[in-house]
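Asker: One structure, as structure tokens, below. Some questions next.
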């Protein structure tokens with residue numbers, strides 16, 4: 001990878017891998033309020049790193065997509081980077097629920113999603129991006 005587009009794709013994948021590792025660290029801990037807050041924050045930045053890595057993968061292949069999760073997710077599904085478009089749509093909604101306000105019941109709900117479905121979807125995307133890095 002020598003061109004700047006390829007370099008941005010490589011960096012995005014590295015950032016996503018680091019974020020995913022950080023999310024896995026906190027998922028492994030028993031949950032209390034502090035761990036839940038850390039889990040939510042790590043879920044938020046891992047989601048952001050994930051769709052941005054998908055964006056960079058798409059752009060590196062000449063696919064015209066605007067930089068935004070709402071546009072990248074359908075294109076990622078179309079190009080088989082993700083297999084569960086509805087799950088990613090739900091993940092985007094969960095991420096947005098915690099971005100601007102704090103409510104304990106919402107926090108518990110988002111943390112439960114992040115521990116189960118969110119982590120699995122993010123892990124799957126990362127594996128696909130790694131496997132298809134040179135496509």
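The values are calculated or read from the model by the stated rules, or taken from the named source; none is laboratory data. Quick caveat: nothing in here was measured; it's all calculated off a predicted structure. When we count neighbours, we look across all protein chains shown, and the Cβ atoms used for this are built from the backbone with ideal geometry, even at glycine.
Asker: Do we have residue 72 as assigned to a loop (DSSP other than H, G, I, E, B) and either surrounded by 16 or more Cβ atoms within 10 Å (Cβ to Cβ) or in contact with a strand residue (DSSP E or B) (Cβ under 9 Å, 6 or more places away or on another chain) (or both) here?
Answerer: On the way: assigned to a loop (DSSP other than H, G, I, E, B): no; either surrounded by 16 or more Cβ atoms within 10 Å (Cβ to Cβ) or in contact with a strand residue (DSSP E or B) (Cβ under 9 Å, 6 or more places away or on another chain) (or both): yes.
For residue 72, the condition - assigned to a loop (DSSP other than H, G, I, E, B) and either surrounded by 16 or more Cβ atoms within 10 Å (Cβ to Cβ) or in contact with a strand residue (DSSP E or B) (Cβ under 9 Å, 6 or more places away or on another chain) (or both) - is not met.
Asker: So, one more: Listed residues 94, 55, 102; which is more than 14 Å from the chain's Cα centre (by Cα) and either closer than 27 Å to residue 35 by Cα or assigned to a helix (DSSP H, G or I) (or both)? Before you say what the answer is, go through the steps one by one.
Answerer: Values: 94 fails: more than 14 Å from the chain's Cα centre (by Cα); 55 fails: more than 14 Å from the chain's Cα centre (by Cα).
The unique qualifying residue is 102.
Asker: Another one. Restricting to segment 21-51, give me the number of residues that are over 20 Å from residue 109 (Cβ atoms) and free of Cβ contacts under 8 Å to residues at least 60 places away in the same chain.
Answerer: 6
Asker: Another one. Assigned to a helix (DSSP H, G or I), within 14 Å of the chain's Cα centre (by Cα), surrounded by fewer than 17 Cβ atoms within 10 Å (Cβ to Cβ) and at pLDDT below 95 - does that describe any residue in segment 108-116?
Answerer: Yes, the conditions are met somewhere in segment 108-116.
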